[in-house]
Protein chains: 4
Amino acid sequence: MSTHHFEPTHYHMTLGSHEPVLHIADGDTVITTTVDAFGKDARDQQVTERGNPQTGPFFVAGAEPGDVLAVHLDRLMPNRRIGYSATVVAPSVVDPEYVAELPKKEMVEWQVDTVQRTATLIKPDSRLGKLTVPLAPMLGCFGVAPARGQAISTATSGEHGGNMDYRGFVAGVTVYFPVFVPGALFFLGDGHAVQGDGEIVGTGIEISFDAQFTVHVLKNRTNRWPRGENEDDVFTVGNARPLDQALQHATTEMLRLLQDDYGLDSLSANLLIGQCVRYEVGNVFDPAYTMVCKLSKRLLEGLRR
Amino acid sequence: MSTHHFEPTHYHMTLGSHEPVLHIADGDTVITTTVDAFGKDARDQQVTERGNPQTGPFFVAGAEPGDVLAVHLDRLMPNRRIGYSATVVAPSVVDPEYVAELPKKEMVEWQVDTVQRTATLIKPDSRLGKLTVPLAPMLGCFGVAPARGQAISTATSGEHGGNMDYRGFVAGVTVYFPVFVPGALFFLGDGHAVQGDGEIVGTGIEISFDAQFTVHVLKNRTNRWPRGENEDDVFTVGNARPLDQALQHATTEMLRLLQDDYGLDSLSANLLIGQCVRYEVGNVFDPAYTMVCKLSKRLLEGLRR
Amino acid sequence: MSTHHFEPTHYHMTLGSHEPVLHIADGDTVITTTVDAFGKDARDQQVTERGNPQTGPFFVAGAEPGDVLAVHLDRLMPNRRIGYSATVVAPSVVDPEYVAELPKKEMVEWQVDTVQRTATLIKPDSRLGKLTVPLAPMLGCFGVAPARGQAISTATSGEHGGNMDYRGFVAGVTVYFPVFVPGALFFLGDGHAVQGDGEIVGTGIEISFDAQFTVHVLKNRTNRWPRGENEDDVFTVGNARPLDQALQHATTEMLRLLQDDYGLDSLSANLLIGQCVRYEVGNVFDPAYTMVCKLSKRLLEGLRR
Amino acid sequence: MSTHHFEPTHYHMTLGSHEPVLHIADGDTVITTTVDAFGKDARDQQVTERGNPQTGPFFVAGAEPGDVLAVHLDRLMPNRRIGYSATVVAPSVVDPEYVAELPKKEMVEWQVDTVQRTATLIKPDSRLGKLTVPLAPMLGCFGVAPARGQAISTATSGEHGGNMDYRGFVAGVTVYFPVFVPGALFFLGDGHAVQGDGEIVGTGIEISFDAQFTVHVLKNRTNRWPRGENEDDVFTVGNARPLDQALQHATTEMLRLLQDDYGLDSLSANLLIGQCVRYEVGNVFDPAYTMVCKLSKRLLEGLRR
């Protein structure tokens, strides 16, 4: 198991079967960087076009269609002090009658302090003053190459992952992607220092990242949608519009997960989530919305096959 | 400010302008009981028809259309040991292609222990054994009489409240309902010992309650949708289908709340929720779904007008 | 079979179990009038409040829950020359980003000529000049009292009918409503001289009507949603939000209709609509949207049981 | 202006920036063939994989991003006698509770007679006998390469066209696509001998086509979505899920069309469609649904700039 240091020199605006930038092995770790959603790097310099440019793809030896790529997010940390966010909620997240009352959009600046672990609003002046919120670095857009020669925009998401903008994709999480092409072709980008649920203004606090991740190939799995786990929970991710359909995907995948990974019969899986499920809203801004279906691992102790 | 003890003798299947069962004053407290969703009381006896029968309505002196009725949920406690739940998720919360794989519905029984504060699955036998979950009593259906002579089924919800099935409606919460008719006409029922997000099997652990609440009339407010607060958060509630529209209602109401109650200008309100909002899923089972938009009170310290 | 002349003296803003204004028998005909959506009568005088005031309810002897009420719309004709319409599409029917570009709402006036069978835009002046469109009188809101004591606003619709705003509800059509309460309790109102699909500005050309209808009771039927037929087609009506759910209701009801009324097996019913179905959009403005599922009667010749 | 005869030797499963198969000029006509959705050609032989394989792309000289490609469908005609269709409606177009009642899927065969202009069900035997329906050949999937390097699956649709499955795309229609890449890169495939609204069983009567089309480049236009016209109507096409959003796109594009092409002010455009618009349902089966917004050309006489 090797550790690779990879410095990107170009970026991708789609997740597709692009030329790999690096071949890595099952169990390998990659230390790399991502530019922000606007294409700006650690020096706040524009190095590529805007729209969630992706670092990668990384070809993972041995990953074949029908497998799962497990990606452990080892470390996600802003690598500059300035972050940018939008200010006005999308017209699609308020009542249509209220849209005309939304103020004019502008971008604001935040100072990100990775030592104090805070983000502080520094510009412009507002009633909120120097609003300070806890740093919570997360990846907005990452995933694998989709099937059948598709090249899917980094604006949206699907079974392959992509622009899910889920606040829960933080360091310490493992994400399980279905593999659609040989080598899986993993991409990552669009770091947020902080993000509200839904990414309702269309941005988190957008910032470039130092990122480290470790991959494993799990052979012959049946994931249809991304799955994940952190210390406390297992979860599944549905990406679609409307939000109702994203929720259907995530709930169905959770029922499958409980049967696949914990050997529950269908009735037990249904009964368990009926009283114990938690949902979290990923994004409600992008072309596909994201809903996360969670279950506490404590409930599953002793059940794993 | 008086405390009333009220024992219901009949129940309502709609929230409407029905004959009040009790007249109470601003600041008064009511101690009463609710039957479960199936019409069964503290002795597990069927005393009325099924479908979220409501205790009430309570006429609150001085409440007029254009006011807000603040209802503090003082105490919500199961008053029997047996609870019932469904077992199979609604076909509307899984992928349409997966519906045919859902198992056959049945009802299960839970033993509710208000001392240990647990609910334990006691029937039938399953892979889950004696699954035990923490007691978290909440009201599924409550609210006020709607406008214009409507009588709205306790199966659904709207601006008046109703069958929201939100896990956050626990003791200690204050809920703010718009008032549509003189006296507001407050109803309550449909207690759950425990409920998962979304009420995706169509029930929580359904049980009868001892309930205590205290009312206040706030004059001349502009709430369009129910609002609430607990120790940590303020929140707004949107009820509609699809979930996207429920989210629109809740988000719009939060923007109004921040401007009404905290004097934020529109841009500051947008900016604040952009990076700090939290959403919670109420129900995704009933004819109208429920989405809750939350904000930490800590963020609002020093801002209230 | 009698013909009744009924002149309304009050109107209802909900479809509910209100005191009947007239008892009629199976096979009877009623000649009556309706006011427009704003509560204005044949003399253009405001005689009741706005919001689709309903004439009725008519109690139909012998109609019981589980039956169907067949209502033949014998005649629907504007009874004054002035009609009113809104001008600007609802913010919910355009892209959220486009809402801010919508012009300011105003009401316009149309001259309705029942001899020439035209409606002509007379006020204000616009690029459209004296736009003249063919008269196509239809009922916007009509139906029966719903189940379980509900009183449902004339703003919306459901299994009981209500504010469906479907352009196809013209004279010559027979509509089949499920009966939920003894006597069915039939209501009608909200006449439009002309209406576009979707009622996307929130109004047709709103006008008062002379109306004549004839009722029949069909015993022991299984309709869940309104059904209808005209000379060419049979159709089913789904009312819900989003439009996708309205379409699901209408399609399901059509599959049931083909099995109930024409004795098709399920596979034949599916196969037939697969290549032959037509959909029409009722309203996409009201709280519940309306989708109509149609099939040419020619395809069904020789199949009726 | 030349006429090209082009016989495809390979097909594409995405609309993307693939190597052109032919360079053509503004005003040129192409006579070619398409295989059916299953990859079968005029001899009913499988020549490529299934999933709406596309003939093309055709590079149109002079077409640049910001232009519009006008494609006149000169001729669309089945070139074999056997057509295939599915039989059971998608679980997503019926009530979730009804899904379990749907019959088992199978494929059926139709005999297509281009002289009599009919399609006749020939296999299997059913209650419908030799159901015969009028031939109505249409293109299910066609369009141009999307922006930003995307390669979008032929299963779905978007601003670039794609798998819209709209019954109105017949010979005689002109379709106007926004151009996103140099040369526009036009693709076509997925012919249907007949199709019901919504393509609710997931197929029309799938068949290979002889196809002829003629292209024109319109410089510097502002189409966001496909537009079209036939002898009677102009129309706009929105592709998205849910159907409500597809309708929003189509309605917005119609308001733009009336202002762009007919010089109407915004209020006149709104007023006109308010009482005169017609909607048609394209597909409600594919990942993106399709809604068409139509207006009679007769209403626009004398208005064109």
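The values are calculated or read from the model by the stated rules, or taken from the named source; none is laboratory data. What you see is a predicted model; the values in this text were computed from it and never measured. Glycine also receives a Cβ, built like all others from the backbone with ideal geometry; neighbour counts cover every protein chain displayed.
Could you give every pair whose Cβ atoms fall below 7 Å, whose first residue belongs to segment D:225-241 and is hydroxyl-bearing (S, T, Y), and whose second residue is assigned to a loop (DSSP other than H, G, I, E, B), counting only separations of at least 6 or pairs across chains?
Partner pairs satisfying both residue conditions: D:T236/D:W225.
Taking the condition on the phi < 0 side of the Ramachandran plot, under 12 Å from the mean Cα position of the chain (by Cα), surrounded by fewer than 23 Cβ atoms within 10 Å (Cβ to Cβ) and assigned by TED's automatic domain parsing to the domain that holds B:I24, does B:V170 pass? Steps first, please.
Numbers: on the phi < 0 side of the Ramachandran plot: yes; under 12 Å from the mean Cα position of the chain (by Cα): yes; surrounded by fewer than 23 Cβ atoms within 10 Å (Cβ to Cβ): yes; assigned by TED's automatic domain parsing to the domain that holds B:I24: yes.
Taking the combined requirement at face value, the residue satisfies it.
For segment C:211-242: of the residues being within 14 Å of another protein chain (Cβ to nearest Cβ) and charged (D, E, K, R), which is surrounded by the fewest Cβ atoms within 10 Å (Cβ to Cβ)?
Among them, the one singled out is C:R224.
Which of the residues that make up segment D:83-103 are acidic (D, E) and either part of a loop (DSSP other than H, G, I, E, B) or touching a Leu at 6+ places or on another chain (Cβ under 7 Å) (or both)?
Going through segment D:83-103, the residues acidic (D, E) turn out to be D:95, D:97, D:101.
D:D95 - this is the single residue of segment D:83-103 that is acidic (D, E) and either part of a loop (DSSP other than H, G, I, E, B) or touching a Leu at 6+ places or on another chain (Cβ under 7 Å) (or both).
Identify, by number, the condition in (1) part of a helix (DSSP H, G or I); (2) within 8 Å of chain C (Cβ to nearest Cβ); (3) under 28 Å from D:S153 (Cβ atoms) that D:G274 doesn't meet.
(3)
Only one of D:G189, D:G198, D:G204 is under 14 Å from the mean Cα position of the chain (by Cα), within 9 Å of chain C (Cβ to nearest Cβ), buried (at least 24 other Cβ atoms within 10 Å of the Cβ) and within 17 Å of D:A171 (Cα to Cα). Can you tell me which? Walk me through it before giving the result.
On the way: D:G189 fails: within 9 Å of chain C (Cβ to nearest Cβ); D:G198 fails: within 17 Å of D:A171 (Cα to Cα).
Exactly one of D:G189, D:G198, D:G204 is under 14 Å from the mean Cα position of the chain (by Cα), within 9 Å of chain C (Cβ to nearest Cβ), buried (at least 24 other Cβ atoms within 10 Å of the Cβ) and within 17 Å of D:A171 (Cα to Cα), namely D:G204.
Can you name the residue in segment D:277-292 that is more than 7 Å from chain C (Cβ to nearest Cβ) and of a type in the set (A, V, I, L, M, F, W, C) and is also surrounded by the most Cβ atoms within 10 Å (Cβ to Cβ) among such residues? Step through it out loud before you land on a result.
Pass one, segment D:277-292, residues more than 7 Å from chain C (Cβ to nearest Cβ): D:280, D:282-283, D:285-292.
Subset that is of a type in the set (A, V, I, L, M, F, W, C): D:285, D:288, D:291-292.
Numbers: D:F285: 21, D:A288: 24, D:M291: 29, D:V292: 25.
Once the filter is applied, the top-ranked residue is D:M291.
Quick test for you: out of A:L271, A:L255, pick the one residue that is touching a helix residue (DSSP H, G or I) at 6+ places or on another chain (Cβ under 9 Å), over 24 Å from A:V181 (Cβ atoms) and not assigned by TED's automatic domain parsing to the domain that holds A:G162.
Details: A:L271 fails: touching a helix residue (DSSP H, G or I) at 6+ places or on another chain (Cβ under 9 Å).
So the residue among A:L271, A:L255 that is touching a helix residue (DSSP H, G or I) at 6+ places or on another chain (Cβ under 9 Å), over 24 Å from A:V181 (Cβ atoms) and not assigned by TED's automatic domain parsing to the domain that holds A:G162 is A:L255.
The conditions are (1) in a loop (DSSP other than H, G, I, E, B); (2) out of contact with any strand residue (DSSP E or B) (no Cβ under 8 Å at 6 or more places or on another chain); (3) within 11 Å of chain A (Cβ to nearest Cβ); (4) modelled with pLDDT of 95 or more, and B:G302 fails exactly one of them. Which is it?
So the condition that B:G302 fails would be (4).
Here are some residues: B:T222, B:T203. Which one is under 28 Å from B:V108 (Cα atoms) and not in a strand (DSSP E or B)?
On the way: B:T222 fails: under 28 Å from B:V108 (Cα atoms).
It is B:T203.
Out of all the residues in segment C:130-170, which are assigned to a loop (DSSP other than H, G, I, E, B) and among the hydrophobic types (A, V, I, L, M, F, W, C)? Step through it out loud before you land on a result.
Step one: list which residues in segment C:130-170 are assigned to a loop (DSSP other than H, G, I, E, B), which gives C:130-131, C:135-137, C:145-150, C:154-156, C:159-160, C:164-169.
If the condition is that a residue be assigned to a loop (DSSP other than H, G, I, E, B) and among the hydrophobic types (A, V, I, L, M, F, W, C), then C:L131, C:L135, C:A136, C:A145, C:A147, C:A155, C:M164, C:F169 are the ones that fit.
Any idea how many residues of segment A:249-271 are touching a Ser or Thr at 6+ places or on another chain (Cβ under 8 Å), facing another protein chain (nearest Cβ under 8 Å) and small (G, A, S)?
Here the count works out to 1.
I'd like the full set of residues that are among the acidic types (D, E), closer than 26 Å to B:D286 by Cα and more than 21 Å from the chain's Cα centre (by Cα), limited to segment B:1-58. Working first, answer last.
Start the filter on segment B:1-58 by keeping residues that are among the acidic types (D, E), which leaves B:7, B:19, B:26, B:28, B:36, B:41, B:44, B:49.
Still in the running and closer than 26 Å to B:D286 by Cα: B:36, B:41, B:44, B:49.
B:D44 - this is the single residue of segment B:1-58 that is among the acidic types (D, E), closer than 26 Å to B:D286 by Cα and more than 21 Å from the chain's Cα centre (by Cα).
What do you reckon, is A:S92 under 25 Å from A:D210 (Cα atoms), of a type in the set (S, T, Y) and crowded, with 16+ Cβ neighbours inside 10 Å? Let's see the steps before the verdict.
Numbers: under 25 Å from A:D210 (Cα atoms): no; of a type in the set (S, T, Y): yes; crowded, with 16+ Cβ neighbours inside 10 Å: yes.
No.
Of all residues in segment C:178-200, how many are assigned to a strand (DSSP E or B), farther than 30 Å from D:K294 by Cβ and out of contact with any His (no Cβ under 7 Å at 6 or more places or on another chain)? Give the derivation first.
Pass one, segment C:178-200, residues assigned to a strand (DSSP E or B): C:178, C:186-192, C:198.
The next check asks that each one be farther than 30 Å from D:K294 by Cβ; those that pass are C:178, C:186-187.
Within this subset, residues satisfying the condition of being out of contact with any His (no Cβ under 7 Å at 6 or more places or on another chain) are C:178, C:186.
So the answer is 2.
Looking only at segment B:16-63, count every residue that is among the aromatic types (F, W, Y) and touching a Pro at 6+ places or on another chain (Cβ under 8 Å) and tell me the total.
2
Which one is farthest from the chain's Cα centre (by Cα) among residues in segment A:59-68 that are of a type in the set (A, V, I, L, M, F, W, C) and more than 19 Å from A:T14 (Cα to Cα)? Let's see the steps before the verdict.
First, pick out the residues of segment A:59-68 that are of a type in the set (A, V, I, L, M, F, W, C): A:59-61, A:63, A:68.
If we keep only those that are more than 19 Å from A:T14 (Cα to Cα) too, we end up with A:61, A:63, A:68.
Numbers: A:A61: 23, A:A63: 21, A:V68: 17 Å.
Restricting to residues being of a type in the set (A, V, I, L, M, F, W, C) and more than 19 Å from A:T14 (Cα to Cα), the top hit is A:A61.
Tell me yes or no: at least one residue of segment D:92-112 is within 24 Å of D:V173 (Cβ to Cβ) and away from every other protein chain (no Cβ under 11 Å). Spell out how you get there, then give the answer.
Filtering segment D:92-112 for residues within 24 Å of D:V173 (Cβ to Cβ) gives D:110, D:112.
The next check asks that each one be away from every other protein chain (no Cβ under 11 Å); those that pass are D:112.
Within segment D:92-112, one or more residues are within 24 Å of D:V173 (Cβ to Cβ) and away from every other protein chain (no Cβ under 11 Å).
Tell me whether segment C:243-258 contains one or more residues that are buried (at least 24 other Cβ atoms within 10 Å of the Cβ), more than 11 Å from the chain's Cα centre (by Cα) and either assigned to a loop (DSSP other than H, G, I, E, B) or among the small types (G, A, S) (or both).
Yes, segment C:243-258 contains at least one residue that is buried (at least 24 other Cβ atoms within 10 Å of the Cβ), more than 11 Å from the chain's Cα centre (by Cα) and either assigned to a loop (DSSP other than H, G, I, E, B) or among the small types (G, A, S) (or both).
Across segment C:118-130, what is the total count of residues that are within 9 Å of another protein chain (Cβ to nearest Cβ) and modelled with pLDDT of 95 or more?
Total satisfying the criteria: 2.
Within segment A:139-166, track down each residue that is surrounded by fewer than 24 Cβ atoms within 10 Å (Cβ to Cβ), farther than 19 Å from D:A147 by Cβ and touching a strand residue (DSSP E or B) at 6+ places or on another chain (Cβ under 8 Å).
A:R148, A:E159
Among the residues of segment C:140-159, which ones are more than 12 Å from every other protein chain (Cβ to nearest Cβ) and over 30 Å from D:E301 (Cα atoms)?
The initial filter retains those residues of segment C:140-159 that are more than 12 Å from every other protein chain (Cβ to nearest Cβ), namely C:140-144, C:157.
Within segment C:140-159, C:C141, C:F142, C:G143, C:V144, C:S157 qualify.
Does D:V179 satisfy the condition of being within 14 Å of chain B (Cβ to nearest Cβ) and crowded, with 24+ Cβ neighbours inside 10 Å? Spell out how you get there, then give the answer.
Details: within 14 Å of chain B (Cβ to nearest Cβ): no; crowded, with 24+ Cβ neighbours inside 10 Å: yes.
Answer is no for this residue.
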